[in-house]
Ligand SMILES: [Zn+2]
């Protein structure tokens, strides 16, 4: 619910957002933090600042260009192996 909507409906309570600050922070953490998809790194990163790449319909996030390069190759390599089973 947006603040604008809450003001129109006379439901806006500034204290509510203050009390919910910790919950909102936790929600941001749960929805945005991912592990680097390079299997040798797996650093916890914020997906809003990560390098995003879609590999064969898989959403991948990487912490750096090096991880993106090796991680992409590694994921494709694993997928190629899986096709031959
Ligand atoms: Zn990484």
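Values quoted throughout were computed directly from the atomic coordinates according to the rules given, and no laboratory measurement underlies them. Everything quoted here is computed from the prediction, not taken from an experiment. Neighbour counts run over all protein chains shown; Cβ positions are idealised from the backbone, glycine included.
Rank by packing, highest mean first: peptides 70-76, 25-31, with packing defined as the count of other Cβ atoms within 10 Å averaged across residues. Could the numbers behind the result be given before it?
Working: 70-76: 16.4, 25-31: 10.3.
Order by mean packing, descending: 70-76, 25-31.
Distance between the 7 Å Cα→Cβ label points at residue 23 and residue 78: 3.6 nm. With contacts taken as Cα pairs under 8 Å and at least 6 residues apart, segment 3-83 reaches a relative contact order of 21 percent.
Principal axis analysis of the Cα atoms in segment 3-83 yields extents of 59, 22, 20 Å, listed in decreasing size. Gain on full extension, evaluated as 0.36 nm per residue between residue 33 and residue 48 minus their Cα-Cα distance, stands at 4.5 nm. For the pair residue 40 and residue 16, label points projected 7 Å from Cα toward Cβ lie 5.1 nm apart.
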